[in-house]
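Novice: Sharing a structure here in structure tokens format.
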Amino acid sequence: MNAAALTADFSGLDRPLPRIKVFRLLGLAALLALAGCGTRQGAPEATPEEVRATVAKLMPASVADRPGWARDIQVAFSAQRIPATAENLCSVLAVTEQESNYKADPAVPGLGKIARGEIDRRAGKLHVPGILIDAALSLKSPNGRSYSQRLAAVRTEKELSAIFDDFIGSVPLGQQLFGRFNPVHTGGPMQVSIAFAQAHAEDYPYPVDGSIRREVFSRRGGMYFGIAHLLGYPVDYPKPLYRFADFNAGWYASRNAAFQRAVSEASGITLALDGDLILYGSYDAGSTEKAVRTLAPRLAMSEGEIRRALEQGDTQAFAESRLYAKVFALGERAAGKPLPRAILPGITLHSPKITRQLTTAWFAQRVDERYKRCLARAPKKP
């Protein structure tokens with residue numbers, strides 16, 4: 001498993017969930033427009049069999065069960081009405097290769113040790129003595145083995161999620177430490193957020209095997225929700241590189257980071273270009289909002305108007321707001337040159353599973369390299 005795939009499992013959800021339903025039609029229109037740039041006018045839509053054949057050709061030769069992967073990807077594109085262009089298919093394949101190297105439930109080295117560290121961290125935060133943790137983990141779990149034994153042998157996030165579900169449901173200390181909140185947050189071949197999948201499962205085309213959480217750990221579910229997260233929202237980025245960054249950092253993070261740069265130019269205040277425009281889950285003003293407020297007289301906007309506009313930061317509508325246009329006008333005047341509408345967010349990735357410094361930019365650039373190699377394998381257009 002790639003290190004970039006290990007960034008979210010125990011990190012919590014720092015952003016609001018993207019609203020795929022609100023933008024389903026807009027996203028389709030944008031994707032159709034993008035697809036039209038690379039296809040002949042009036043070209044017939046590819047059949048499911050043709051899409052599967054194309055996917056199989058685009059995948060690296062080393063991938064096992066190519067027909068199975070092709071089928072699950074084709075169904076996800078069809079169910080979500082996303083055009084199966086070479087560009088879109090290669091975007092999905094590049095992220096999948098980067099995140100899991102085409103493993104539906106990829107193994108994570110040292111996962112048991114990492115999980116035990118998370119339990120100890122939470123116990124320390126709640127002032128639960130280590131001796132009680134040891135006693136709780138020595139209890140037999142529903143499968144007859146102790147939790148300590150299962151943790152020592154765990155290899156994949158699916159297995160770890162099942163252990164936590166049992167621990168939370170069966171051991172009183174599990175409820176004290178985790179309540180009903182399983183700390184495994186991402187899974188599957190595209191390492192998609194389980195909370196995202198749970199929030200966007202209305203049109204899921206398969207019978208649910210117990211829960212959406214379990215579906216995410218399957219190939220079909222992981223690909224369906226990963227494709228939704230990657231391609232299920234409209235953007236007008238000049239390069240797919242920025243969509244890859246958004247996959248890692250959150251919808252519209254690249255656009256919002258560019259907006260933060262414009263705020264810095266206009267205000268003279270240095271900001272972290274991380275794509276977070278407000279403090280989500282709080283009414284307090286974050287650094288970006290405070291910087292924008294200093295521009296309020298020049299923007300001819302109240303603090304309330306500024307806040308309401310910034311709250312649209314996880315939607316396409318923000319780019320059409322008065323605040324967005326005015327801040328870029330001020331920023332470009334101060335910089336004396338046009339400013340980009342998308343930049344790579346400056347985010348360092350943190351997770352118990354990451355042992356070296358990685359960034360969202362690193363992730364996006366690695367995916368982009370794989371994307372270009374995939375396109376080179378695509379059939380040449382007449």
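So that you can scan it fast, the table gives a plain yes or no per residue for (1) in contact with a Pro (Cβ under 7 Å, 6 or more places away or on another chain); (2) in contact (Cβ under 8 Å) with a residue 40 or more places away in the chain; (3) surrounded by fewer than 14 Cβ atoms within 10 Å (Cβ to Cβ):
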{"residue": "297", "(1), (2), (3)": "no, no, yes"}
{"residue": "300", "(1), (2), (3)": "no, no, yes"}
{"residue": "305", "(1), (2), (3)": "no, no, no"}
{"residue": "308", "(1), (2), (3)": "no, no, yes"}
{"residue": "314", "(1), (2), (3)": "yes, yes, no"}
{"residue": "325", "(1), (2), (3)": "no, no, yes"}
{"residue": "330", "(1), (2), (3)": "no, yes, no"}
{"residue": "335", "(1), (2), (3)": "no, yes, no"}
{"residue": "343", "(1), (2), (3)": "no, yes, no"}
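Novice: Hey, another quick one. Could you count how many residues in region 272-320 are assigned to a loop (DSSP other than H, G, I, E, B) and small (Gly, Ala, Ser)?
Specialist: The initial filter retains those residues of region 272-320 that are assigned to a loop (DSSP other than H, G, I, E, B), namely 272-286, 294-295, 300-302, 311-315.
Within this subset, residues satisfying the condition of being small (Gly, Ala, Ser) are 272, 275, 281-282, 285-286, 300, 302, 313.
Going through region 272-320 one residue at a time, the tally reaches 9.
Novice: Could you figure out which of (1) surrounded by fewer than 19 Cβ atoms within 10 Å (Cβ to Cβ); (2) part of a loop (DSSP other than H, G, I, E, B) isn't true of residue 83?
Specialist: The single condition residue 83 does not satisfy is (1).
Novice: Being within 13 Å of residue 188 (Cβ to Cβ) and of a type in the set (Ser, Thr, Tyr) is the filter here; which residues of region 80-110 pass it?
Specialist: Those that are within 13 Å of residue 188 (Cβ to Cβ) and of a type in the set (Ser, Thr, Tyr): 96, 100, 102.
Novice: Please find, within region 173-183, the residue that is nearest to residue 104 (Cα to Cα) out of those that are touching a residue at least 40 places away in the same chain (Cβ under 8 Å) and not aromatic (Phe, Trp, Tyr). If you could, list the steps in order and put the result at the bottom.
Specialist: Filtering region 173-183 for residues touching a residue at least 40 places away in the same chain (Cβ under 8 Å) gives 173, 176-178, 183.
Then drop every residue that is not not aromatic (Phe, Trp, Tyr), which leaves 173, 176-177, 183.
On the way: 173: 31, 176: 32, 177: 29, 183: 20 Å.
Selected residue: 183.
Novice: Exactly one of (1) in a loop (DSSP other than H, G, I, E, B); (2) in contact with a Lys or Arg (Cβ under 7 Å, 6 or more places away or on another chain); (3) buried (at least 22 other Cβ atoms within 10 Å of the Cβ) is unmet by residue 105. Its number?
Specialist: Failing condition for residue 105: (3).
Novice: Hey, does region 64-71 have a residue that's free of Cβ contacts under 8 Å to residues at least 12 places away in the same chain and in a loop (DSSP other than H, G, I, E, B)? Walk me through how you get there before you give the answer.
Specialist: Here is the first cut: in region 64-71, the ones free of Cβ contacts under 8 Å to residues at least 12 places away in the same chain are 65-66.
From the residues that got through so far, the ones that are in a loop (DSSP other than H, G, I, E, B) too are 65.
Yes, region 64-71 contains a residue that is free of Cβ contacts under 8 Å to residues at least 12 places away in the same chain and in a loop (DSSP other than H, G, I, E, B).
Novice: Just one of 233, 237, 204 is among the hydroxyl-bearing types (Ser, Thr, Tyr), surrounded by fewer than 24 Cβ atoms within 10 Å (Cβ to Cβ), at pLDDT 95 or above and within 22 Å of residue 360 (Cβ to Cβ); which is it?
Specialist: Details: 233 fails: surrounded by fewer than 24 Cβ atoms within 10 Å (Cβ to Cβ); 204 fails: within 22 Å of residue 360 (Cβ to Cβ).
Exactly one of 233, 237, 204 is among the hydroxyl-bearing types (Ser, Thr, Tyr), surrounded by fewer than 24 Cβ atoms within 10 Å (Cβ to Cβ), at pLDDT 95 or above and within 22 Å of residue 360 (Cβ to Cβ), namely 237.
Novice: Look at residue 185 and say whether it is within 22 Å of residue 74 (Cα to Cα) and buried (at least 19 other Cβ atoms within 10 Å of the Cβ).
Specialist: Numbers: within 22 Å of residue 74 (Cα to Cα): no; buried (at least 19 other Cβ atoms within 10 Å of the Cβ): yes.
Against the criterion (within 22 Å of residue 74 (Cα to Cα) and buried (at least 19 other Cβ atoms within 10 Å of the Cβ)), residue 185 does not qualify.
Novice: Kindly evaluate residue 270 against the criterion of being in contact with a strand residue (DSSP E or B) (Cβ under 7 Å, 6 or more places away or on another chain) and surrounded by fewer than 20 Cβ atoms within 10 Å (Cβ to Cβ). Let's see the steps before the verdict.
Specialist: Numbers: in contact with a strand residue (DSSP E or B) (Cβ under 7 Å, 6 or more places away or on another chain): no; surrounded by fewer than 20 Cβ atoms within 10 Å (Cβ to Cβ): yes.
No.
Novice: Just give me the residues in region 321-368 being at pLDDT 95 or above, part of a loop (DSSP other than H, G, I, E, B) and among the basic types (Lys, Arg), in sequence order.
Specialist: 337, 341
Novice: Kindly provide the set of residues from region 221-271 that are acidic (Asp, Glu), touching a residue at least 40 places away in the same chain (Cβ under 8 Å) and part of a helix (DSSP H, G or I), ordered by number. Quick ask: steps written out before the conclusion?
Specialist: Within region 221-271, the first condition is being acidic (Asp, Glu), and the residues that meet it are 236, 246, 265.
So of that shortlist, the ones also touching a residue at least 40 places away in the same chain (Cβ under 8 Å) come out as 236, 265.
Residue satisfying the conditions is 265 alone.
Novice: Also: Give me the residue from region 184-214 that is assigned to a helix (DSSP H, G or I) and in contact (Cβ under 8 Å) with a residue 60 or more places away in the chain and, out of that set, farthest from residue 106 (Cα to Cα).
Specialist: So in region 184-214, the residues assigned to a helix (DSSP H, G or I) come out as 194-199, 212-214.
Keeping just the survivors that are in contact (Cβ under 8 Å) with a residue 60 or more places away in the chain gives 195-196, 199.
Working: 195: 19, 196: 20, 199: 23 Å.
Applying the filter and picking the extreme gives 199.
The values are calculated or read from the model by the stated rules, or taken from the named source; none is laboratory data. Being a predicted model, the structure only gives us computed values, none of them experimental. Cβ: placed from backbone, ideal geometry, glycine included. Neighbour counts: every protein chain shown.
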